[in-house]
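Novice: Got a structure for you, written out below as structure tokens; questions coming shortly.
The values are calculated or read from the model by the stated rules, or taken from the named source; none is laboratory data. Quantities reported herein were computed from a predicted structural model and do not represent experimental measurements. When we count neighbours, we look across all protein chains shown, and the Cβ atoms used for this are built from the backbone with ideal geometry, even at glycine. Surface accessibility is based on the protein's heavy atoms, side chains included, excluding ligands, DNA and RNA. Shrake-Rupley method; radii C 1.70, N 1.55, O 1.52, S 1.80 Å.
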Amino acid sequence: MLIWIVLIIVPMLFGLYAQFRIRNAYGKNVQIQSRGRITGREAAQAVMDSAGIGDVQIVEVPGQLSDHYDPMHKRLALSHDNYHGTSLAALGVAAHEAGHAIQHKVGYSMMTVRQTLAPATQIAAGAANFLLILGIVLISSALGGTLLTIGAIALGVIVLFQFVTLPVEFDASRRAKAQLVNLGIVDRDEMEGVNETLDAAALTYVAAFVAALGSLLHILLLLSGRRD
């Protein structure tokens with residue numbers, strides 16, 4: 001019971017806390033307007049221009065915090081508030097995504113690894129839950145053990161992807177924070193709001209890794225128990 005709490009319940013609570021942190025930090029700093037009144041789109045463009053990137057399209061996408069960089073199509077997507085907004089949160093998120101574009105341009109190794117893992121991770125994510133649930137239901141049979149083993153392998157791919165994602169996200173935020181100040185997009189005393197937003201966002205990636213790792217260890221313990 002204690003192991004189950006440590007591996008499943010604690011990561012779940014950590015994930016809820018991380019979601020609360022990002023919603024709270026973003027909600028707070030999206031209301032604080034930057035002095036320069038530069039939009040998120042303009043900030044992302046400025047950061048990419050400073051790195052000599054001229055072939056990445058910046059587009060607006062629906063949703064909140066749906067921002068992402070698509071290396072395959074060289075497209076930087078910003079949600080409405082971050083595309084048009086001039087808040088500290090908008091500038092932080094936009095510069096972060098531009099940081100990913102810089103990683104792509106310079107061939108940042110961990111981003112390359114993550115891109116390589118992405119197709120297998122999509123397949124694993126689609127199959128893992130089904131295999132694991134069915135394997136647990138049939139755990140007393142040979143088929144259940146086989147399904148759990150395959151599910152554990154799929155979950156292992158997800159854990160690896162989440163682990164590789166951490167340095168990619170941390171590095172993008174580091175680049176973003178430096179460029180926002182170096183380019184004069186925000187003043188140094190405004191960085192508190194940017195830091196709070198990006199640090200809270202980083203916590204969600206840590207929580208995702210912890211949750212996936214906890215689930216994997218739980219399944220491995222179940223498989224170990226079957227062999228005893």
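Novice: For region 141-228, what is the largest minus smallest coordinate of the Cα atoms on each principal axis, given in angstrom and ordered from greatest to least?
Specialist: Here the spans come out as 64, 16, 14 Å, largest first.
Novice: Under a 1.4 Å probe, what is the accessible area of region 101-143 per residue, stated in Å²? Could you put the intermediate results ahead of the total?
Specialist: Working: 2590 Å² over 43 residues.
Ligands and nucleic acids excluded, the result is 60 Å² per residue.
Novice: Can you tell me the convex hull volume per residue for the chain, based on C-alpha atoms, in Å³ to the nearest whole number? Can you show the working numbers first?
Specialist: Working: hull volume 27.5 nm³, N = 228.
That works out to 121 Å³ per residue.
Novice: Next question, about the same structure. Rounded to the nearest 10 degrees, what's the angle between the helix 142-182 long axis and the longest principal axis of the chain, both from Cα atoms, 0 to 90?
Specialist: Taking the Cα atoms of the chain, the angle to 142-182 is about 20 degrees.
Novice: What are the radius of gyration and Dmax of region 31-138, computed over its Cα atoms and given in Å?
Specialist: Taking only Cα atoms of region 31-138, I get Rg and Dmax of 17.4, 61 Å.
Novice: Taking Cα atoms, how many degrees apart are the long axis of helix 40-50 and the longest axis of the chain, rounded to 10 and kept between 0 and 90?
Specialist: Result, in degrees: 80.
Novice: Quick query: amide H of Val61 versus all other amide H atoms, modeled in the peptide plane; which residues come in under 5 Å with a sequence gap of 5 or more or a different chain?
Specialist: Leu78, Ser79, His80
Novice: So, counting K/R as plus one and D/E as minus one, what does the shell of residues with Cβ under 10 Å around Tyr108 add up to?
Specialist: Values: positive: Lys105, Arg114, Arg175; negative: Asp171.
With Lys, Arg at +1 and Asp, Glu at -1, the net is +2.
Novice: How charged is the neighbourhood of Val181? Take every other residue with its Cβ under 14 Å from the Cβ of Val181, and add Lys/Arg as +1 and Asp/Glu as -1.
Specialist: Details: positive: Arg35, Arg174, Arg175, Lys177, Arg188; negative: Asp187, Asp189, Glu190, Glu192.
Overall, the nearby charge balance is +1.
Novice: Compute the acute angle (0 to 90°) between the alpha-carbon long axis of helix 191-227 and the principal axis of greatest extent of the alpha-carbon atoms of the chain; round to the nearest 10°.
Specialist: So the helix axis and the longest Cα principal axis differ by about 10 degrees.
Novice: Still on this model: Normalised by the number of residues in region 122-228, what is the relative contact order in percent for Cα pairs under 8 Å and 6+ residues apart? Walk me through the numbers on the way to the answer.
Specialist: Values: 76 pairs, mean separation 33.3, N = 107.
Value for region 122-228: 31 percent.
Novice: Given the Cα atoms of region 9-68, and with Rh set as the inverse mean 1/r over their pairs in the Kirkwood sense, what is Rg to Rh to two decimals?
Specialist: On the way: Rg = 15.8 Å, Rh = 14.3 Å.
My calculation puts Rg/Rh at 1.10.
Novice: For region 77-107 and region 162-215, what is the centre-to-centre distance using only Cα atoms, to the nearest Å?
Specialist: That distance is 11 Å.
Novice: Taking only C-alpha pairs under 8 Å that are 6+ residues apart, what is the relative contact order of the chain in percent? All intermediate terms of the calculation are to be shown ahead of the outcome.
Specialist: On the way: 332 pairs, mean separation 63.2, N = 228.
About 28 percent, as a whole number.
Novice: Next question. Rounded if a/c is under 1.5, else prolate if a/b beats b/c, else oblate: with a ≥ b ≥ c from the C-alpha gyration tensor eigenvalues square-rooted, which is region 119-173? Mind dumping the intermediate values first?
Specialist: Values: a/c = 3.97, a/b = 3.29, b/c = 1.20.
Because a/c hits 1.5 or more and a/b exceeds b/c, region 119-173 counts as prolate.
Novice: I want to check the label-to-label distance for Arg23 and Thr112. Put each point 7 Å from Cα in the C-beta direction and report it in nm to one decimal.
Specialist: 4.0 nm
Novice: Run the accessible area of region 67-185 with a 1.4 Å probe and give the carbon-and-sulfur part as a rounded percent. Don't skip to the end; give the middle numbers.
Specialist: Details: 3530 of 5230 Å².
Carbon plus sulfur share of accessible area: 67 percent.
Novice: Still on this model: Tell me, what ³J(HN,Hα) does each residue in region 4-20 have, in order and in whole Hz, if you take phi through Karplus 6.51 cos²θ - 1.76 cosθ + 1.60 with θ = phi - 60° and put x for Gly and Pro?
Specialist: With coefficients 6.51, -1.76 and 1.60, one gets 4, 5, 5, 8, 10, 5, 4, x, 5, 5, 4, x, 5, 5, 4, 5, 5 Hz.
Novice: Collect residues whose amide H, placed 1.01 Å from N in the peptide plane, falls under 5 Å from the amide H of Val30; neighbours closer than 5 in sequence don't count.
Specialist: For Val30, whose amide H was placed from the backbone, the distant partners under 5 Å are Ala89.
Novice: Along the positive direction of the dipole of region 55-193 (beta-carbon charges: Lys, Arg +1; Asp, Glu -1; about the Cα centre), which of Val168, Ala77, Gln179 reaches farthest?
Specialist: Val168
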